[in-house]
1. Within the range 37-55, can you find the residues that are surrounded by 19 or more Cβ atoms within 10 Å (Cβ to Cβ) and in contact with a Gly (Cβ under 9 Å, 6 or more places away or on another chain)?
2. Could you tell me whether any residue of the range 25-34 is out of contact with any Asp or Glu (no Cβ under 9 Å at 6 or more places or on another chain), in a loop (DSSP other than H, G, I, E, B), more than 12 Å from ligand 2 (Cβ to nearest atom) and of a type outside the set (Gly, Ala, Ser)?
3. Of all residues in the range 42-57, how many are within 10 Å of ligand 1 (Cβ to nearest atom), touching a residue at least 60 places away in the same chain (Cβ under 8 Å) and touching a strand residue (DSSP E or B) at 6+ places or on another chain (Cβ under 7 Å)?
4. Name the residue, out of LYS120, LYS72, LYS112, LYS102, that is surrounded by 16 or more Cβ atoms within 10 Å (Cβ to Cβ) and without any contact (Cβ under 8 Å) to a residue 60 or more places away in the chain.
5. Among what's in the range 1-41 and is within 13 Å of ligand 1 (Cβ to nearest atom) and either at pLDDT below 95 or aliphatic (A, V, I, L, M) (or both), pick the residue that is nearest to ALA168 (Cα to Cα).
6. Quick check, is ILE130 assigned to a helix (DSSP H, G or I) and modelled with pLDDT of 95 or more?
7. Cβ-Cβ distance below 8 Å, separation of 6 or more or different chains: which pairs start in the range 129-153 with a residue that is at negative phi and polar (S, T, N, Q) and end on one that is in a helix (DSSP H, G or I) and surrounded by 20 or more Cβ atoms within 10 Å (Cβ to Cβ)?
8. Specify the residue that is farthest from the chain's Cα centre (by Cα); the eligible residues are those in the range 203-220 that are surrounded by 15 or more Cβ atoms within 10 Å (Cβ to Cβ) and more than 18 Å from ASN274 (Cα to Cα).
Amino acid sequence: MSKVICITSGKGGVGKSTSACALAGSLAMSGKKTVLVECDIGTPNLHVLLGCENRVIYSITDLAVEPIEGEKELLSSQALIKVTSSDKSNYDNNLYLLAGSKQIRRDKLTQKELYKVIEKLKNDGFDFIILDSPAGIDDSAHAAMYWADMAIFVVNPEMSSITDADKAIAVIDSSSYRAENPSYGDAVTKHLLVTRYDQQASEIGDQLTCDEIQSILRIDSLLGVIPEANKHLRDASQRGLPVVASSLVNHAVGQQYIDAAQRLLGNNIPLRSNKVSFFQKIFKK
Ligand SMILES: Nc1ncnc2c1ncn2[C@@H]1O[C@H](COP(=O)(O)OP(=O)(O)OP(=O)(O)O)[C@@H](O)[C@H]1O
Ligand SMILES: [Mg+2]
């Protein structure tokens, strides 16, 4: 059975797309057939982050629309891009992308359209369907939250990110399909992913700690804590690779995402420290 995971946050620019690519890559590396679905119609990024700019022919919008009379319906196999990394990473056989359009689009993704897309992907036998939500809580963001079996709330350790995540949590709790149809099954499973975390700053009280964030948001499951790593992330996006790619994974960020994906799979992996050593500081790793 396919599992639909929504990566959301409320606030923009906190690391949703970065995390979606890294988690999807890790799940694919673990042998799970995984598809990343671009739900940000206006400003899609996943095709850039995964180095697939030149391979986008059809987009999620083409797959979502009803065919005009007499026209053939687009098959998901025509729109799906098989992600292949430039460094032959071992997610290559299991990772697919349903990209956003490269045209300028100002429309939104509706719940009905996304339902149609998800059903097609379920028929394709994906283990994981990962919806990368745009910022905010309405329109396309709400459509992505609506169909989720599981939601990953990406937050930065700052109050504006926490208050926006709190709103996204309220939306999932009140107006997701599972919230509206309790007879369907369990409520949406909620996980927290803290990104851009500076452990030292938290220890000296300059930044919220993960415990504080968890208690404000009332989410028990801490999926992972991703350190601040500006340069590494910039390199990864310039090379069109997720941070779990083989040539990048030898860095705390990639390791933390691999651990987080294992926790998603139900494995009991203890949290590792994000403390930066004296030498790492000197060499600005
Ligand atoms: N752990 C991190 N350390 C430093 N920079 C990061 C980290 N994670 C993400 N970033 C950077 O933050 C910026 C925003 O990341 P990303 O696009 O993943 O966020 P987003 O939540 O998807 O944004 P949007 O809401 O616009 O879709 C990017 O420049 C990315 O490289
Ligand atoms: Mg994004």
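The values are calculated or read from the model by the stated rules, or taken from the named source; none is laboratory data. What you are looking at is a predicted structure, and each value in this text was computed from that prediction instead of being measured. Neighbour counts run over all protein chains shown; Cβ positions are idealised from the backbone, glycine included.
1. Kept after step one, since they are surrounded by 19 or more Cβ atoms within 10 Å (Cβ to Cβ), are these residues of the range 37-55: 37-41, 44-47, 49-51.
Listed by number, the residues that qualify are GLU38, CYS39, ASP40, ILE41, PRO44, ASN45, LEU46, HIS47, LEU49, LEU50, GLY51.
2. Checked the range 25-34: no residue is out of contact with any Asp or Glu (no Cβ under 9 Å at 6 or more places or on another chain), in a loop (DSSP other than H, G, I, E, B), more than 12 Å from ligand 2 (Cβ to nearest atom) and of a type outside the set (Gly, Ala, Ser).
3. Qualifying residue count, the range 42-57: 1.
4. Numbers: LYS72 fails: surrounded by 16 or more Cβ atoms within 10 Å (Cβ to Cβ); LYS112 fails: surrounded by 16 or more Cβ atoms within 10 Å (Cβ to Cβ); LYS102 fails: surrounded by 16 or more Cβ atoms within 10 Å (Cβ to Cβ).
So the residue among LYS120, LYS72, LYS112, LYS102 that is surrounded by 16 or more Cβ atoms within 10 Å (Cβ to Cβ) and without any contact (Cβ under 8 Å) to a residue 60 or more places away in the chain is LYS120.
5. Ranking the qualifying residues of the range 1-41, first place goes to ILE7.
6. Details: assigned to a helix (DSSP H, G or I): no; modelled with pLDDT of 95 or more: yes.
Considered against the rule, which asks whether it is assigned to a helix (DSSP H, G or I) and modelled with pLDDT of 95 or more, ILE130 comes out as no.
7. SER133/LYS16; SER133/SER140; SER133/ALA141; SER133/ALA144; SER133/MET145
8. Keep residues of the range 203-220 that are surrounded by 15 or more Cβ atoms within 10 Å (Cβ to Cβ), which gives 207-210, 213-214, 216-217, 219.
Right, trim to more than 18 Å from ASN274 (Cα to Cα) and you get 216-217, 219.
Details: ILE216: 22, LEU217: 19, ILE219: 18 Å.
That would be ILE216.
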